[in-house]
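Engineer: Let me begin by handing over the structure; questions about it come next.
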Amino acid sequence: MEPDHKIGEKVGLLPGSLVYVGENNNVPTHITAMQYNKMNFTERNIKEKDFFIREELRHFLHTKGKVGWVNVNGLSDIILMRSFGDSLRLDPLVLEDILNTQQRPKVEVFSDHIFFVLRMLSYDQEKEEVNVEQVSFILGNSFVISFQEREGDVFEMVRVRLRKKWGNLRFRGSDYLLYSLLDMIVDNYFLILECLSHKVAQMEERILSENLDDQNVPAIIQKNKKIILTVQQAVYPLREAINKLQRNESGLIDERTVKFLSDVQDHTLQVTDNIESFRDMNTGLQDVYLSTLSNNLNQVMKILTIISTIFIPLTFIVGLYGMNFKYMPEIGWKYGYLFSWGLMVTVVITLFVFFKRKRWL
């Protein structure tokens with residue numbers, strides 16, 4: 001993904017200034033809200049900003065005995081984002097980080113909420129590239145707010161579990177909801193690895209079949225390298241962030257949820273190990289490709305050199321008898337022509353046998 005040029009608009013502004021830095025300026029803001037406990041569940045699609053009048057938002061997110069999840073798609077509405085900040089009394093720097101989609105995955109712990117930002121990845125089969133989207137979470141005592149750059153995510157199974165009361169999600173607090181969302185994002189990394197594994201295997205088959213006339217091989221290797229780098233940038237800092245989330249003492253993470261976060265941490269380590277393996281394999285395939293290409297070139301040069309070596313004495317013989325001196329013994333000889341041919345054939349056979357014995361052929 002190319003760097004966004006709007007990041008230049010932030011230069012010189014005061015800390016906490018709200019400027020959306022991203023590629024989805026034209027994405028309309030779409031908000032969904034869910035509220036639930038073990039007995040009740042409600043879901044709303046919000047189209048009117050009136051819902052987010054300060055008092056109503058607070059009431060929705062702080063209803064006793066219920067967990068609220070508000071998901072915001074589309075971040076270019078600065079007025080709406082400022083409304084969120086005022087309603088939840090968020091630090092302006094947190095809002096700034098939500099709108100700056102170039103953030104490194106991280107966790108920030110406050111007295112009454114936790115801010116978590118990471119990257120959600122999806123694989124574009126048509127373009128054969130990874131799409132990166134920043135997702136930010138605000139975890140409170142009884143709510144989770146998620147901010148996405150555009151429509152489409154990996155959270156549908158979490159929504160289904162909430163609607164159909166599957167598993168423990170409806171019986172647990174907001175920290176378990178945050179864990180479930182993080183788990184879906186991290187599990188989706190494995191789908192990216194599966195696609196990458198398939199591409200690396202295909203590339204290995206191409207190279208080992210010595211199909212070096214395929215001009216797409218270097219481009220595919222470079223694409224694989226870009227995918228690996230994208231996953232690395234998403235996963236490596238995430239390990240540290242989840243570790244910090246496990247160790248926080250804010251009281252917002254229940255001890256029962258910590259063990260589930262440890263499972264997510266294990267998954268990130270597994271993704272890290274796999275991506276390092278793919279990186280080494282991709283580098284190895286590049287080396288094998290270049291080495292095979294070089295060896296083939298050497299073989300061609302070897303054959304051309306042998307042919308040139310064989311023709312050197314023949315050129316000498318032809319040049320010798322092509323001179324126009326009057327007194328040359330073989331010029332007037334009846335069998336001079338056949339003799340020159342015999343001499344050249346003998347030289348060729350002798351050189352051929354010599355090269356064979358030296359195993360140069």
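The values are calculated or read from the model by the stated rules, or taken from the named source; none is laboratory data. Not measured: the values here are computed from a predicted model. Don't worry about glycine lacking a Cβ; one is built from the backbone with ideal geometry, like all the others, and counts go over all protein chains shown. Surface areas here come from the heavy atoms of the whole protein model, side chains and all, with no ligands, DNA or RNA. Shrake-Rupley method; radii C 1.70, N 1.55, O 1.52, S 1.80 Å.
Engineer: Any chance you could count how many residues in the stretch 334-349 are surrounded by 12 or more Cβ atoms within 10 Å (Cβ to Cβ) and either of a type in the set (S, T, N, Q) or in contact with a helix residue (DSSP H, G or I) (Cβ under 9 Å, 6 or more places away or on another chain) (or both)?
Structural biologist: So the answer is 6.
Engineer: Let me ask something else about it. I'm trying to understand the selection: among the residues of the stretch 289-316, which are over 26 Å from Leu343 (Cβ atoms) and surrounded by 14 or more Cβ atoms within 10 Å (Cβ to Cβ)?
Structural biologist: Listed by number, the residues that qualify are Tyr289, Thr292, Leu293.
Engineer: Mind checking which residues of the stretch 155-192 are without any contact (Cβ under 8 Å) to a residue 40 or more places away in the chain, over 22 Å from Ser262 (Cβ atoms) and in a helix (DSSP H, G or I)?
Structural biologist: Result: Glu156, Val160, Lys164.
Engineer: With the requirement that a residue be open to solvent by 30 Å² or more (accessible area, probe 1.4 Å), under 25 Å from Glu205 (Cβ atoms) and touching a helix residue (DSSP H, G or I) at 6+ places or on another chain (Cβ under 8 Å), what does the stretch 260-277 give you?
Structural biologist: Asn274
Engineer: Still on this structure, I have one more. Can you pull out every residue in the stretch 154-168 that is among the β-branched types (Val, Ile, Thr) and surrounded by fewer than 13 Cβ atoms within 10 Å (Cβ to Cβ)?
Structural biologist: If the condition is that a residue be among the β-branched types (Val, Ile, Thr) and surrounded by fewer than 13 Cβ atoms within 10 Å (Cβ to Cβ), then Val160 is the only one that fits.
Engineer: Would you pick out the residues in the stretch 21-42 that are among the β-branched types (Val, Ile, Thr) and either at positive phi or not in a loop (DSSP other than H, G, I, E, B) (or both)?
Structural biologist: Val21, Ile31, Thr32, Thr42
Engineer: Do we find a residue being over 24 Å from Arg159 (Cα atoms) and either touching a Lys or Arg at 6+ places or on another chain (Cβ under 8 Å) or of a type in the set (D, E, K, R) (or both) anywhere in the stretch 66-75? Don't jump to the end; show me each part of the working.
Structural biologist: As a first pass, look at the stretch 66-75 and keep what is over 24 Å from Arg159 (Cα atoms): none.
Looking through the stretch 66-75, none of the residues is over 24 Å from Arg159 (Cα atoms) and either touching a Lys or Arg at 6+ places or on another chain (Cβ under 8 Å) or of a type in the set (D, E, K, R) (or both).
Engineer: List every residue pair whose Cβ atoms sit under 8 Å apart, with the two residues 6 or more apart in sequence or on different chains, where the first one lies in the stretch 89-102 and is over 14 Å from Ile114 (Cβ atoms) and the second, anywhere, is open to solvent by 20 Å² or more (accessible area, probe 1.4 Å) and assigned to a helix (DSSP H, G or I).
Structural biologist: Once the first residue is over 14 Å from Ile114 (Cβ atoms) and sits in the stretch 89-102, its partners that are open to solvent by 20 Å² or more (accessible area, probe 1.4 Å) and assigned to a helix (DSSP H, G or I) give Leu95/Arg82; Leu99/Ile78; Asn100/Ile7; Asn100/Lys10; Gln102/Ile7.
Matching residues to (1) outside any helix (DSSP H, G or I); (2) closer than 30 Å to Ala234 by Cα; (3) under 39 Å from the mean Cα position of the chain (by Cα):
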residue: Asp273; (1), (2), (3): no, yes, yes
residue: Gln299; (1), (2), (3): no, no, yes
residue: Ile306; (1), (2), (3): no, no, no
residue: Leu320; (1), (2), (3): no, no, no
residue: Asn324; (1), (2), (3): yes, no, no
residue: Trp333; (1), (2), (3): yes, no, no
residue: Val345; (1), (2), (3): no, no, no
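Engineer: What are the residues in the stretch 59-89 that are part of a loop (DSSP other than H, G, I, E, B) and either among the basic types (Lys, Arg) or buried (at least 20 other Cβ atoms within 10 Å of the Cβ) (or both), if any?
Structural biologist: Lys64, Lys66, Gly74, Leu75, Arg89
Engineer: Same structure again: Looking at the structure I just gave you, is Glu151 among the acidic types (Asp, Glu), touching a strand residue (DSSP E or B) at 6+ places or on another chain (Cβ under 7 Å) and surrounded by fewer than 17 Cβ atoms within 10 Å (Cβ to Cβ)?
Structural biologist: Numbers: among the acidic types (Asp, Glu): yes; touching a strand residue (DSSP E or B) at 6+ places or on another chain (Cβ under 7 Å): yes; surrounded by fewer than 17 Cβ atoms within 10 Å (Cβ to Cβ): yes.
Considered against the rule, which asks whether it is among the acidic types (Asp, Glu), touching a strand residue (DSSP E or B) at 6+ places or on another chain (Cβ under 7 Å) and surrounded by fewer than 17 Cβ atoms within 10 Å (Cβ to Cβ), Glu151 comes out as yes.
Engineer: May I ask you to list pairs of residues, at least six apart or on different chains, whose Cβ atoms are under 9 Å apart, with the first in the stretch 128-140 being at positive phi and the second being surrounded by fewer than 23 Cβ atoms within 10 Å (Cβ to Cβ) and of a type in the set (A, V, I, L, M, F, W, C)?
Structural biologist: That search, which allows pairs on different chains as well, returns Glu128/Cys195; Glu128/Ile220.
Engineer: Do you know which residues across the stretch 247-271 are closer than 21 Å to His113 by Cα and charged (D, E, K, R)?
Structural biologist: Arg247, Glu249, Asp254, Glu255, Arg256, Lys259
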